[in-house]
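Scroll down for the structure; my scribbles are underneath it.
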Amino acid sequence: MTRQNSTGLLPSPAAGLIRDMPFPARSNQAKHVSRNEPAITPALIAEHGLKPDEYQRILKLIGREPTFTELGIFSAMWNEHCSYKSSRLHLKGLPTKAPWVIQGPGENAGVIDIGDGMACVFKMESHNHPSFIEPYQGATTGVGGILRDVFTMGARPVACLNLLRFGAPDHPRTRHLVAGVVAGVGGYGNSFGVPTVGGSVGFHTRYDGNILVNAMAVGVARADSIFYSAASGVGLPIVYLGSKTGRDGIHGATMASAAFDADSEEKRPTVQVGDPFSEKLLLEACLEIMGKGCVVAIQDMGAAGLTSSAVEMGAKGNLGVELDLDAVPCREPGMTAYEMMLSESQERMLMVLDPAHEAEAEAIFRKWGLDFAVVGKTTDTLRFVVKHQGETKADLPIKELGDQAPLYDRPWVPTAKKPMIDAASIVAPMSHRDALLKLLGSPDLCSKRWVWEQYDHLILGNSVQQPGGDAALIRLGDGPKGLALCTDVTQRYCDADPVEGGRQAVAEAWRNLTAVGARPLALTDNLNFGNPEKPDAMGQLVGCIKGIGEASLALDFPIVSGNVSLYNETQGRGIPPTPAIGGVGLVDDVTKTATLAFKAAGEVVLLIGDTKGWLGQSSYLSEICGREEGAPPPVDLDLEKRNGDFVRALIRDGLVTAVHDLSDGGLAVALAEMAMAGGIGARIEAVEGVAELFGEDQARYIVTTKPAGAEKIKVLAAQTRCVARVIGETGGNALTLPREAPILISDLVAAHEDWFPKFMGSAR
């Protein structure tokens, strides 16, 4: 049903109404000085991304016209990227708690207990708009920002992942964007010294004008040594840490909260510039002062820079903050208060410091060659006061800027249900052999080796499984425990049915972790959607959140952190709803996990899970038939849990030699991937037709076992109400599908590996 506004905050009216807005003169009692600042006009307000009703709220809140700096501060804190004003209402219903959750959403990153006194800290964030404007710097600063979110909590980063979506391969900008983004992701992670161990890369014409760059970082800390952002204590020093402030990235968060028009080049100055070597120094300095007991609260300067970090620390701690910008280290002369407050220069932190440790903390930062400056103090006023060159540039209520920012209940309409595709009506336009080769060489299903070989996935020496499998696997210290990590979403499913697509994204992440033998513990998400002021786009967001919540609850897979990226739209054309899911699982012994590669000839191939042959929104229908139609496959969450628990038990007990979950491309593609990974073929029987070979029914896995284990697996499956059937045997140098000529593994590899290098203009 359509939801109506019930918060007292109306959806934004037409921009033309701003002409009728009253602009009260400054009160003679105001302490603010407007020297050399532009007049507040309707055009200036619109340029700051504030709607007429929001500006009226500002006037009512502070009782006067804001200064130019205050207008910038409101613009930064009340934009969609920082305030979540269109999504907070719906996010509140997500399951976020479990006995192993130490910190859920609301902090820089989520934290879960992984035993032995250790915690895993992780989060995913977007840098979509900046990466479209300037792909290299947009991607690098996306990686840098998410790394800071993790080590701000006191964790040492141990892995990065990503989820990337680009426009159609034949679009004139796609190759340029792919090259820049991949180079940026690798350039920052490799230089910083953290392995990029996994990810997802896809293409669709609806990303032509608005690509997605979602970065995920994972760190490890002592469970009793987590640091938080809420300030505490009155009169404590607020310290600026890290690199100097420049004019890069001003209005970056505001830009990320608006749709693109015809020309995005003019927004290039809003993109930040990253320096991974400075961030490495910042990491080491922060962890050192944390270890010395210097830190009361700490917050990285990400979106909205100094403004958001100071406001969030004060608002969360129910304290006021007073800043003296004369003390801020700047790398450019003549910077104004407005510029300093809105700059998104990278590699910076803000900290509330224990005064007894000020000298010690400063000595540590000086040792690492980084700036350290006391730029303010905490107060008991609940005011956010900014001073510069003897003038009060801002004096605002801090709670209303931070955790009491506007909240919208925007109108939305549910996505119309698509009809089910009758598999019997699909006439195969080519042989199954040719269809499989074409799918393996398609942009979405081809090998992404060209991408991940540009990332250092081995640095730190703890990577157990390289990219290309179901989930990445890293060892924790010297082992034996490890973490399994993945990112997933199928935007076709979400576009056709947001609720079912949201459920499937969580379920697939859960399966990918399961397939390597990990117990799924928690997830982070990055909700990428179009314009929330359009009821259909808002309906997609609401539907996906509903589906994600249902799957998270049913699978005991809580959401501990996340990000929302809205207004992913160019000239009125929005992206497909793309709720990226980042999953984290725990393995007790990294030597007792599974990979997808066939291990030896003569092993039995079994299909776990029921196959009905669902072709709606399938890769086969899209790539082979040229149709994106129908309802996506339904997700039975009880069945997902039952089959997943069964597969993990098989791995734990050593009954299976290879495991792979089934997703895009169905059974045929999964078998080909297993054959290519192991260099061993298979002869497949007892499956018939397009629907069984290429259908994308959920809750399914392929496993292999030694001949003696097949009957035992079937007995155990019956006892646990799971379906397990023998479909073939491994061996030879080819994959043979029923009634089809054998496909040499070398031909599978050529089809799978060649597309990306050719697309990017390089040899394999």
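Of note:
- Some residue of the stretch 685-693 being at pLDDT below 95, of a type outside the set (D, E, K, R) and open to solvent by 40 Å² or more (accessible area, probe 1.4 Å): yes
- Against the test of being surrounded by fewer than 24 Cβ atoms within 10 Å (Cβ to Cβ) and closer than 23 Å to Gly186 by Cα, the options Leu473, Leu460, Leu521 yield a single qualifying residue, Leu460.
- Verdict on Ile102 being touching a Pro at 6+ places or on another chain (Cβ under 9 Å) and aliphatic (A, V, I, L, M): no
- When the stretch 46-63 is limited to residues that are assigned to a loop (DSSP other than H, G, I, E, B) and open to solvent by less than 30 Å² (accessible area, probe 1.4 Å), the one that is nearest to Met341 (Cα to Cα) turns out to be His48.
- Evaluated against (1) open to solvent by 70 Å² or more (accessible area, probe 1.4 Å); (2) in contact with a Pro (Cβ under 8 Å, 6 or more places away or on another chain); (3) part of a loop (DSSP other than H, G, I, E, B), Pro419 falls short on exactly one condition, (2).
- The residues in the stretch 476-492 that are under 19 Å from Gly665 (Cα atoms) and either acidic (Asp, Glu) or open to solvent by 30 Å² or more (accessible area, probe 1.4 Å) (or both) can be counted, and the count is 1.
- Condition met for Val723 (within 33 Å of the chain's Cα centre (by Cα), of a type in the set (Val, Ile, Thr) and at negative phi): no
- Within the span defined as the stretch 708-720, every residue fails to be modelled with pLDDT under 95 and open to solvent by less than 10 Å² (accessible area, probe 1.4 Å).
- Tallying residues that are polar (S, T, N, Q) and not in a strand (DSSP E or B) within the stretch 89-103 yields 1.
- Taking the stretch 505-530 as the range and being of a type in the set (D, E, K, R) and either out of contact with any strand residue (DSSP E or B) (no Cβ under 7 Å at 6 or more places or on another chain) or in a helix (DSSP H, G or I) (or both) as the test, the residues that pass are Glu508, Arg511.
- Here Asp434 fulfils each of the conditions (1) open to solvent by 50 Å² or more (accessible area, probe 1.4 Å); (2) touching a strand residue (DSSP E or B) at 6+ places or on another chain (Cβ under 7 Å) apart from (2).
- Restricted to strands (runs of 3 or more DSSP E) entirely inside the stretch 568-673, those with at least 2 residues that are under 30 Å from Pro558 (Cβ atoms) and in contact with a helix residue (DSSP H, G or I) (Cβ under 6 Å, 6 or more places away or on another chain) are 578-587, 658-661.
- Restricting the stretch 551-591 to residues that are farther than 29 Å from Ile474 by Cα and among the charged types (D, E, K, R), the residue that is least open to solvent (accessible area, probe 1.4 Å) is Glu569.
- Residues of the stretch 104-124 satisfying the condition of being part of a strand (DSSP E or B) and open to solvent by 40 Å² or more (accessible area, probe 1.4 Å): Pro105, Asp113, Met118
- Scope the stretch 302-324; condition under 18 Å from Lys393 (Cβ atoms), surrounded by 24 or more Cβ atoms within 10 Å (Cβ to Cβ) and not β-branched (Val, Ile, Thr); matching residues: Ala304, Gly305, Leu306, Ser308, Ser309, Ala310, Gly314, Leu323
- Counting only residues that are outside any strand (DSSP E or B) and hydroxyl-bearing (Ser, Thr, Tyr), the stretch 709-764 holds 3 of them.
- For Trp412: the one exception among (1) more than 31 Å from the chain's Cα centre (by Cα); (2) over 19 Å from Leu342 (Cα atoms); (3) touching a residue at least 12 places away in the same chain (Cβ under 8 Å): (1)
- Residues of the stretch 258-299 that are in a helix (DSSP H, G or I), among the basic types (Lys, Arg) and either modelled with pLDDT of 95 or more or closer than 29 Å to Lys316 by Cα (or both): Lys280 alone.
- Residue check, Gly219 open to solvent by 10 Å² or more (accessible area, probe 1.4 Å) and in contact (Cβ under 8 Å) with a residue 24 or more places away in the chain: no
- Count of residues meeting criterion [open to solvent by 40 Å² or more (accessible area, probe 1.4 Å) and either more than 15 Å from Ile743 (Cβ to Cβ) or hydroxyl-bearing (Ser, Thr, Tyr) (or both)] in the stretch 437-448: 1
- Considering the conditions (1) in a helix (DSSP H, G or I); (2) buried (at least 24 other Cβ atoms within 10 Å of the Cβ), Lys546 is excluded by exactly one of them, (2).
The values are calculated or read from the model by the stated rules, or taken from the named source; none is laboratory data. Note that the coordinates shown come from a computational prediction; the quantities given were computed from them, not determined experimentally. Heads up, the Cβs are rebuilt from the backbone with ideal geometry, glycines too, and the neighbour counts pull from every protein chain shown. Note: areas computed on protein heavy atoms with side chains; ligands, DNA, RNA excluded. Shrake-Rupley method; radii C 1.70, N 1.55, O 1.52, S 1.80 Å.
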